[in-house]
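All of the numbers you see were taken from the coordinates with simple rules; none came from a lab. The structure displayed is predicted, hence computed values, not measured ones. All Cβ positions, even for glycine, are placed from backbone atoms using ideal geometry, and neighbour counts span all protein chains on display.
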Amino acid sequence: MNKRILRDLKANVIKNASFVFMIMLSVMVIVGFNRSMDGYAQTARGFYASNNVEDGQFSVLGVITRSQENYIRDELGTLTERNDSIDYELEENRVIRLLRANREINEPIVTRGKPVSSDAEMLIDEKFADANGYEIGDRVEIGRHIYTVSGFGISPDYVYTIRNMSDVLNSPKTFGVGYVSDYLFDRVETEKIYNEVNSYSYKLAEGNFDYLFDYLRENFELVDLVKVEDNSRINTIFDDVGGPKKMSMVMGGLLIFIVSFIISISTANGIKRESQVIGILLAQGFDKKELVRHYLTLPMILTAIGSAVGYAAGVLISAPLINIQTEYNVPAIQLKDSAYLMLIGLGTPLIIAFLTANVTISRFLNKTPLSLLRGAASSVTVSNVEKRFNRLGGPFFFRFRVKNLLREKSGFIVLFSGVFLSAVLLNMAFYIRDSANHYITTLQNQLPYQYMYILKDFNATSDFEKKAEKTVIKNMKLLIAGDEKSVLLQGLAVDGRYYAIDALERLDDRQVVISTALRKKFGVDIGDELALFDQTKGEEYAIQVADVFDYDVGQIIFTSYSNFFKITENPARYYNALLADEDLGVNENDASAYVDKTGAMESIDALLDMLRVMSSLIISVAVLILIIVVYTLMQLILEREKINISMIKLFGYRDNEINALYTRGNIMNVLTAFALSLPVSRLAAQKFYDGIFYNMQQYLEAYIEKSSLIMSFAAALAGYFASMLIIKRSVGKIPFSEAIKNRE
Amino acid sequence: MFLDVKSLTKKYKSGERDSLALDGVTFSADTGEVCVIFGPSGSGKSTLMNIIGGIESATSGSVTVDGIEITNKSSRALIEYRRKYVGFVFQFYNLIPNLTIRENIEICARLGDDPLDMDVLMAKTGVKDQEDKFPSQLSGGQQQRVAIARALVKNPKILLCDEPTGALDYKTSKDVLKLFEEINRAYRVTIVMITHNEALKRMATRVVRVKDGKALSAEVNENVYPVDQIVW
Ligand SMILES: Nc1ncnc2c1ncn2[C@@H]1O[C@H](COP(=O)(O)OP(=O)(O)OP(=O)(O)O)[C@@H](O)[C@H]1O
Ligand SMILES: [Mg+2]
């Protein structure tokens with residue numbers, strides 16, 4: 001028996017090799033992506049733990065005194081620390097933000113070189129250094145000071161080094177952080193770090209957030225509060241690694257299923273061919289279990305080889321795959337093997353292969369020895385569907401094709417799933433690229449201003465009144481189905497020039513206008529009664545959606561300036577933000593957030609380059625899967641129909657006619673799978689972006705260009721026809737001896 | 001002559017040694033003849049027939065059918081030859097299991113330039129009542145009738161039958177042979193039939209004896225018996 005297995009392995013080298021290859025591919029994708037992304041997340045998590053990442057940060061009007069700080073620490077068990085930072089403009093519109101190297105919360109780590117050991121030394125973030133060509137030992141002039149770069153490093157609160165917490169994308173060329181000694185803050189620039197509104201990080205040691213929150217509310221006016229899980233600089237990294245992880249799991253898992261089914265169809269073919277031998281063995285009282293074991297061996301061996309090689313390959317590619325995350329400043333990534341990945345990578349394929357093959361084999365062996373003895377031909381039963389179909393009539397060749405499809409139901413379904421999976425991948429690749437492209441265009445069209453500033457000092461908005469429109473913006477949580485979603489509440493002047501929202505004039509006290517992005521992302525609509533949660537006050541406000549405004553790039557709830565204060569139950573009116581067409585020259589340190597439309601679009605452009613590479617990669621993998629699935633399945637179907645094909649060949653049918661009869665009907669299959677994949681890939685792409693933007697107020701709508709649809713379709717067809725071309729040769733090779741062979 | 005086989009040889013390479021399946025076979029037959037080939041097992045009968053049918057190549061010698069020499073043709077040309085000229089009937093019927101009886105015949109009807117009327121043919125071969133059944137629902141004799149109808153429907157010039165009654169009992173065999181007789185008469189199709197049954201030489205117009213790849217004799221039977229009167 002073992003010799004036979006070896007012979008089987010050798011006899012169908014190409015077929016078996018493609019099974020192994022597909023299993024390998026699926027396991028490699030799962031293991032590769034998960035191992036690298038896990039390593040990424042674990043490294044970040046370890047770094048956060050060892051370097052005392054904050055539990056959150058808040059801003060208050062005024063300053064927390066030394067004694068208040070001591071009270072919070074000793075009585076409330078919570079550490080607080082001022083977030084001192086000074087932004088300096090360098091030439092070429094670049095900004096470097098200097099932070100204290102010496103900190104208790106969010107301690108910087110040195111990734112290369114040495115820590116800061118004198119007042120003239122600086123630790124600098126590596127992405128910024130790379131983008132701008134700074135090396136260790138370089139002297140950099142910042143403001144009136146000259147610093148020597150002692151090393152590269154980063155603190156947990158700037159792992160995603162974005163200028164404003166609300167920024168979607170980083171831009172290492174134009175913004176970076178550096179860490180210097182306390183001298184700068186305590187001796188040189190003291191006036192710059194004490195503002196009207198001051199920001200603090202906190203670390204709950206034995207403390208409890210509620211105690212801290214109550215204390216702050218009693219003693220200060222809380223302006224802003226961002227818990228660590230909402231902090232995009234700290235947490236985006238985890239959302240970002242989740243996408244590839246999930247995608248690889250779903251895609252790899254589906255592929256394993258498809259391959260397992262293909263393998264079990266192939267096993268079934270083999271059993272059918274040997275049905276007479278099996279019948280004799282069973283009739284002689286041979287143990288059924290032993291036969292099952294025999295027929296299981298080959299699929300299990302193939303799967304075991306595939307998953308072992310796949311695991312190894314996954315481990316191998318996990319190191320370079322780290323580079324798909326280019327945005328973050330993290331210490332060197334440590335890749336570790338994990339039990340769950342071994343289980344998934346090595347165990348799941350075997351289990352799935354075992355189950356699918358077992359079902360196929362047992363179903364077959366449960367037939368009586370007699371019916372097995374009569375052989376494959378006599379065991380053919382005609383399904384009711386087929387019988388009914390026979391009565392329908394219609395052109396013969398059409399009926400013949402449909403009959404073949406019906407007869408090969410399982411093969412048909414697997415082929416469909418395979419084409420469907422690769423079509424989803426294919427379309428997703430285009431969706432991912434086009435969506436980002438589309439986002440730029442939408443941003444270009446819909447972002448009504450060139451510059452937006454949120455000022456730390458509320459009263460300062462008046463200084464720019466002439467060149468800008470004043471507005472009020474506040475971070476809020478929208479409560480939906482027990483979930484808190486980050487949104488912006490923005491109060492606009494009714495006759496403002498930036499947003500043309502007609503409904504503003506007609507709003508009742510608690511009514512608002514939501515952006516189309518909000519409607520699309522959370523499914524809220526006109527008439528809905530919603531609740532906003534203000535984290536800084538710990539209060540909920542009721543609102544009602546009166547209208548929707550065409551704005552696809554951000555989760556914004558618009559309302560009139562007066563309504564803003566009615567909704568937030570705040571009697572004291574103020575402005576905190578400015579919208580403008582030109583650069584207002586606001587000092588970097590006076591703004592808590594800053595948007596420059598051109599800059600924002602440039603950084604998305606950089607992201608697009610990466611997405612383009614990624615989507616070409618996905619496209620090639622998708623086409624490869626399509627070719628392999630179509631090829632192996634058609635090969636299996638041909639193998640099963642070998643005798644019949646040999647027969648009609650003998651009658652004088654030409655090879656291309658035979659192809660038309662047995663394989664060409666599958667084009668319908670491909671077309672249907674492709675059509676059905678469109679909505680699914682749209683959904684998948686949307687989920688992909690929603691995952692990445694989970695913690696952000698931005699929204700990116702899944703979008704595909706018509707030309708991309710055509711290209712995707714062309715790629716699918718090309719893959720299909722490529723495998724058909726190979727199949728055609730197999731049809732030509734079927735010998736006549738198949739037909740003349742005695743069938744006893 | 002309609003069928004001319006001249007010094008036909010066929011060598012099979014099996015491992016180190018060549019085996020000579022056909023060793024200079026020569027015989028011929030006229031249009032509309034029934035030519036029966038006898039010989040012990042392994043003597044080369046099927047090989048001979050497969051070469052005539054254009055599904056096997058000859059090593060040397062020639063076969064001419066209706067003036068066309070087929071032994072030097074490309075495989076592409078041989079497809080066209082089989083399509084127009086040849087009908088096959090085998091011992092084990094070899095019908096396509098997932099096609100109905102009618103469809104099994106229909107699939108070959110599309111090959112001929114001038115196919116026979118399917119319904120007439122089905123009536124003649126006695127399978128009209130079974131046309132919507134599937135092969136597995138028919139007895140061996142019935143299946144062989146379908147196979148004959150299938151071979152005949154494209155209106156071939158030559159019908160090649162390799163032990164067509166080998167798997168059938170006496171009575172059924174006789175029915176099938178009568179069918180051949182009728183068909184031969186009705187359509188003037190030349191029939192070449194391999195059989196182990198010595199008695200059948202009496203229904204043939206020509207009898208070829210093969211042994212060890214050689215045609216021992218090829219004689220014309222002047223005294224053809226109707227199948228009805230042959231017993232064995
Ligand atoms: N494909 C092949 N390869 C090698 N040898 C073959 C092949 N086909 C037939 N032979 C050999 O050629 C010789 C003739 O075979 P053939 O099948 O023509 O005999 P036959 O007269 O039809 O026998 P039977 O009455 O048993 O059907 C045999 O010795 C056989 O072993
Ligand atoms: Mg034979």
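Structure summary
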quantity: Net charge of Cβ neighbours under 14 Å - reference A:F721; Lys, Arg +1; Asp, Glu -1; calculated: +3
quantity: Inter-chain Cβ neighbour average for residues B:72-80, partner chain, 10 Å; calculated: 2
quantity: Unit charges on C-beta of K, R, D, E only; dipole of chain A, Debye; calculated: 7340 debye
quantity: Chain A: angle of helix A:396-407 to the longest principal axis, Cα-based, in degrees nearest 10; calculated: 70 degrees
quantity: Among B:F134, A:G691, A:A606 the positive-end extreme of the charge dipole of the protein assembly as shown (Cβ point charges); calculated: B:F134
quantity: Estimated distance in nm for a label pair at B:T31 and B:R76, the labels positioned 7 Å out from Cα along Cα-to-Cβ; calculated: 3.0 nm
quantity: Computed E for A:Y71/A:K537 - FRET, C-beta separation, R0 25 angstrom, nearest 0.05; calculated: 0.70
quantity: Of A:K10/A:K642; A:K127/A:K520; A:K203/A:K246, those spanning more than 25 Å from alpha-carbon to alpha-carbon; calculated: A:K127/A:K520; A:K203/A:K246
quantity: Within 10 Å of each Cβ in B:101-107, the average number of Cβ atoms from other chains; calculated: 3
quantity: Least to most buried among A:V228, B:V192 (fewest other Cβ within 10 Å first); calculated: A:V228, B:V192
quantity: Cβ-placed point charges (K, R +1; D, E -1), dipole of chain B about Cα centre in debye, nearest 20; calculated: 360 debye
quantity: Using a Förster distance of 60 Å, the FRET efficiency for A:K272-B:Q229 (Cβ separation, nearest 0.05); calculated: 0.85
quantity: Reachable aspartates and glutamates, given that their alpha-carbon falls under 18 Å from the alpha-carbon of B:K133 and they are not under 8 places away in the same chain; calculated: A:E386, B:E103, B:E106, B:D119
quantity: Fewest-first sequence of A:Y453, A:Y194, A:Y689 by Cβ atoms within 10 Å of each Cβ; calculated: A:Y194, A:Y689, A:Y453
quantity: Over the stretch A:468-581, relative contact order from alpha-carbon pairs under 8 Å, at least 6 apart, %; calculated: 38 percent
quantity: Per-residue Cβ neighbour rank within 10 angstrom, fewest leading, A:D230, B:D117; calculated: B:D117, A:D230
quantity: Added length on full extension, which subtracts the Cα-Cα distance from 0.36 nm per residue, A:Y211 to A:R510; calculated: 104.5 nm
quantity: Acute angle (nearest 10 degrees) that the helix A:348-365 long axis makes with the longest principal axis of chain A, alpha-carbon atoms; calculated: 30 degrees
quantity: Exercise: per-residue mean of other protein chain Cβ atoms within 10 Å, A:732-738; calculated: 2
quantity: Ordering of B:144-151, A:724-731, A:96-103 by burial proxy (mean other Cβ atoms within 10 Å per residue, highest first); calculated: B:144-151, A:96-103, A:724-731
quantity: Peptides A:567-575, A:629-637 ordered by average Cβ neighbours within 10 Å, highest first; calculated: A:629-637, A:567-575
quantity: Normalised contact order of chain A, rounded percent, pairs of Cα under 8 Å and 6 or more residues apart; calculated: 18 percent
quantity: Charged-residue dipole, Cβ positions (Lys, Arg, Asp, Glu), the stretch A:509-612 about Cα centre, Debye nearest 20; calculated: 340 debye
quantity: Cut-off 14 Å between beta-carbons: net charge of the residues surrounding A:L9, Lys and Arg +1, Asp and Glu -1; calculated: +4
quantity: Cβ-derived FRET efficiency at R0 51 Å, B:D132 paired with A:A500, nearest 0.05; calculated: 0.10
quantity: Relative packing of peptides A:14-23, A:429-438 - highest average C-beta neighbours within 10 Å first; calculated: A:429-438, A:14-23
quantity: Counting all C-alpha pairs of the stretch A:278-362, share separated by more than 21 Å (%); calculated: 52 percent
quantity: Net charge over other residues, Cβ less than 12 angstrom from the Cβ of A:Y439 (K, R count +1; D, E count -1); calculated: -3
quantity: Acute angle (nearest 10 degrees) that the helix A:409-446 long axis makes with the longest principal axis of chain A, alpha-carbon atoms; calculated: 20 degrees
